């Protein structure tokens, strides 16, 4: 399908028909990655990268390691 590029402020955008977005599971506000591969532009759904907070929320207390006793301070380390 051919679509026209349109000027938006100081940028240029491409408008995609809603049925095309629905076909690939995207909607307004979806995060996408735009890549240049050779002479092609590729638009694909951005992969969710969990935040540290999200990862830590999945940790269970029974999976935490036991504390390690490294002995008393021997230098100028700050504890």
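The values are calculated or read from the model by the stated rules, or taken from the named source; none is laboratory data. Please read all numbers here as calculations on a predicted model, not as lab measurements. Backbone-built Cβ (ideal geometry, glycine too); neighbour counts: all protein chains shown.
Among the residues of region 44-51, are any outside any helix (DSSP H, G or I) and within 18 Å of residue 1 (Cα to Cα)? Yes, the conditions are met somewhere in region 44-51.
Of the residues making up region 5-15, just one is in contact with a strand residue (DSSP E or B) (Cβ under 8 Å, 6 or more places away or on another chain) and not in a strand (DSSP E or B), namely 15.
From the list 75, 25, the lone residue that is modelled with pLDDT of 90 or more, out of contact with any helix residue (DSSP H, G or I) (no Cβ under 8 Å at 6 or more places or on another chain) and part of a loop (DSSP other than H, G, I, E, B) is 25. So is residue 36 in a strand (DSSP E or B) and surrounded by 10 or more Cβ atoms within 10 Å (Cβ to Cβ) or not? Spelling it out, it is not the case that residue 36 is in a strand (DSSP E or B) and surrounded by 10 or more Cβ atoms within 10 Å (Cβ to Cβ).
One line per residue, one yes/no per condition, for (1) on the phi > 0 side of the Ramachandran plot; (2) surrounded by 10 or more Cβ atoms within 10 Å (Cβ to Cβ):
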{"position": "16", "(1), (2)": "no, yes"}
{"position": "20", "(1), (2)": "no, yes"}
{"position": "25", "(1), (2)": "yes, no"}
{"position": "31", "(1), (2)": "no, no"}
{"position": "40", "(1), (2)": "no, no"}
{"position": "50", "(1), (2)": "no, yes"}
{"position": "53", "(1), (2)": "no, no"}
{"position": "56", "(1), (2)": "no, no"}
{"position": "77", "(1), (2)": "no, no"}
